[in-house]
Amino acid sequence: MSSNVIAIDGPAASGKSTVARALSERLGIPYVSTGSLYRALAWKMLNRKLDPAAISAEELAVFLADTSIACRRPEPQAPLDIEIDGVFPGGKLQTAEISAAASKVATYPEVRTWLLDVQRSLAGKTRIVMEGRDIGTAIFPDAKYKFFLTASPEVRAKRRLLQSGRPFDRQTLDTVAREIAARDEQDRSRKTAPLRQAEDAVCLDNSGMDLEQTLQFILETIQRKDILMGKETVLQYRVPYADTDQMGVVYYANYLKYFEMFRTEMLIAAGESYQKMEEHGYSLPVIEAVCRYKSPAHFEDILSVTGCVAECKGVRVRIECRIHRGDTLLAEGYTVHACINRDGRPVRVPATISGLMTEKE
Ligand code: C5P
């Protein structure tokens, strides 16, 4: 089973925190900045007058054994925050000095291993947004949603300076861009869990985008994935009188029509369309249809239809479908399609369809 984590990785100042925080508010789910874990360790090291760049293996082992770190809410309604040795350092972690030190602390494999459980323990049944450098690659390689956010070095430096609210000149901009580049280099070149895009992450260069545009892109990508995993309703349909029979319930054969309506909408929601596929010379005639009827639907009921591309083997594809009224499952089943070309010959299912197959929960 995959983790219910929305992983947002990317280089420094690429807008990850802002986007992750806004996303968590929009979705009403918790948010964790994993960078704050490294920052908290760096903060403690600096307070202890330890040099994060030159700490010995023995010193580090003693330091970690003597540290307790957790991610929890300081108050019941507050957002998740980092607590180190019973203290919430909060804004103290956001200085340039701590940024540079955190990047050094993060190079130690012992530190990364030590922080693994803290981070993994945060995933649960409900979704969570986690932002960092290695969430989609090392912490939650099985995360359901993975994004890699990036932006040009100049845009990132500008954003960082604008955040501070103080006026800045070209020279300051160049200095900050250099600091950011140095941190990127440190993060990309370290041996353990270096900063890199997970193969299955959706990459977004948001240099020319504002927060709302970035957020919309991420929300739409999540929704598309949910649709393909059969988690989100693709079609809502109010039963017309014409669909019912003399018993006053939806005529059984109509469910296959609903299955078909669902397939059409699912393809469109996924950015494809059956018509487009036919234009490219592919058709998907049904060679098997199964429907199990659980409870009848009536005139004016609102039906919610969900489903997914469940299996794709050679020239065949199986598409599942479920029909609910509210929480009540009314019918479920599937259709198996053979893929044929314009001459009616079986051909391999095109990637536009097989690519829609996603891991089911
Ligand atoms: O994201 P933030 O700037 O707060 O991260 C501080 C530092 O912590 C980064 O420069 C990086 O070196 C390190 N980090 C990491 N892995 C993460 C999150 C942050 O190595 N998942």
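A few notes on this one:
- Dimensions (Å) - segment 193-348, Cα atoms, principal axes, largest first: 63, 41, 30
- Charged neighbours of A253, selected by a Cβ distance under 15 Å, balance to -1 (K, R count +1; D, E count -1).
- Computed over segment 1-79, Cα set: Rg, Dmax in Å: 15.9, 45
- Solvent-accessible area of Y38 with every protein chain in place, 1.4 Å probe, in Å² to the nearest 10: 20 Å²
- Part-to-part distance (alpha-carbon centres) for segment 215-262 and segment 143-175, which is given in Å: 43 Å
- For R190, the amide hydrogen comes within under 5 Å of the amide hydrogens of L195, counting only partners 5 or more places away or on other chains and with H modelled in the peptide plane.
- The Cα atoms of the chain define a convex hull whose projected area, averaged across directions, is 23.2 nm².
- Within segment 304-361, the proportion of C-alpha pairs whose separation exceeds 19 Å stands at 39%.
- When only the Cβ of Lys, Arg, Asp and Glu is charged (+1, +1, -1, -1), the dipole of the chain relative to its Cα centre reaches about 380 debye.
- Protein accessible area in segment 203-361, 1.4 Å probe - carbon and sulfur %: 50 percent
- Global form of segment 49-155, assessed from the alpha-carbon gyration tensor, a/c cut-off 1.5: rounded
- Accessible-area order (highest first, 1.4 angstrom probe) of the listed residues H324, H298: H298, H324
- Counted charge near D66, where neighbours are those whose Cβ lies closer than 14 Å (Asp, Glu -1; Lys, Arg +1): -2
- Accessible surface of T192, taken over heavy atoms with a 1.4 Å probe and every protein chain present, rounds to 40 Å².
- Angle in degrees between helix 35-47 and the longest Cα principal axis of the chain, rounded to the nearest 10: 10 degrees
- Eigenvalues of the alpha-carbon gyration tensor of segment 158-276, scaled by 5 and square-rooted, set the equivalent ellipsoid semi-axes at 52, 18, 11 angstrom, largest first.
- With a threshold of 25 Å on the Cα-Cα distance, the over-threshold entries among K125/K313; K16/K49; K104/K144; K225/K294; K125/K225 are K125/K313; K16/K49; K104/K144; K225/K294.
- For segment 25-85 and segment 280-333, distance of Cα centres in Å: 48 Å
- Helix 16-27 and the longest principal axis of the C-alpha atoms of the chain enclose an angle of approximately 40°.
- Solvent-accessible heavy-atom area per residue, rounded to whole Å², over segment 232-354 at 1.4 Å: 54 Å²
- Cβ-based net charge around A157, under 13 Å, with every Lys or Arg adding one and every Asp or Glu removing one: +2
The values are calculated or read from the model by the stated rules, or taken from the named source; none is laboratory data. This structure is a prediction, so every number in the text was calculated from the model and none was measured. FYI the Cβ positions are ideal-geometry reconstructions off the backbone, even for glycines, and counts take in every protein chain you see. Please note that ligands, DNA and RNA were not included when accessible areas were found on the heavy atoms of the full protein model with its side chains. Shrake-Rupley method; radii C 1.70, N 1.55, O 1.52, S 1.80 Å.
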